[in-house]
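Values quoted throughout were computed directly from the atomic coordinates according to the rules given, and no laboratory measurement underlies them. All values reported here derive from a predicted model rather than from experimental measurement. Cβ placement follows ideal geometry from the backbone for every residue including glycine, while neighbour counts extend to all protein chains displayed.
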Amino acid sequence: MAGACTDPPPPRPSSQDSKPGPYVSEMKDASQFYGNRVIKDNKDSNPKAVEWVRAFGAMLDALKAYIMQHHTTGLTWNPKVSLNQPGP
C-alpha cells in the first residue's frame, strides 16, 4: 500500500495527554459555543439543525463515557504489529 504509515500519530499538544476523557469534555465545551448559536438562530425555522446539535453533544457525552470505561489513559499501540504485515 503506497503511502501507508506504520507509526502511531504524534501525541496531542495538550496538558491532558494521558487523560482523553477530559480532552473530549474540552472539545464538547468548545463545540457548544457554536452549537448554541445554531440553536438560537434555527430554533423556530430549522428544528432539524437544533436536533443535530443536541445529538452531536449527546454523542460526545457517550464518547467520553466509552473512553472513561475502556481507554482511561489513551490508546495503546502494539509495537509488535505493523500495518505492512498481512492480516491473520
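Quick notes
- Cut-off 14 Å between beta-carbons: net charge of the residues surrounding residue 42, Lys and Arg +1, Asp and Glu -1: +2
- Taken one residue at a time, the phi angles of the stretch 58-74 give Karplus couplings (6.51, -1.76, 1.60, θ = phi - 60°) of 5, 5, 5, 5, 5, 4, 4, 4, 4, 4, 5, 8, 10, 9, 5, 10, x Hz. Gly and Pro are set to x.
- Distance between the modelled labels on residue 38 and residue 66, one decimal in nanometres: 1.9 nm (7 Å Cα→Cβ projection).
- Sequence-distant lysines (8 or more away, or on other chains) whose Cα lies within less than 25 Å of residue 48: 28, 40, 64
- Highest mean first, the peptides 71-80, 42-51 sorted by other C-beta atoms within 10 Å per residue fall in the order 42-51, 71-80.
- Long-range tail of P(r) for the stretch 20-70 (Cα pairs > 14 Å, %): 53
- Sequence ranges 29-35, 61-67, ranked by mean other-Cβ count within 10 angstrom, highest first: 61-67, 29-35
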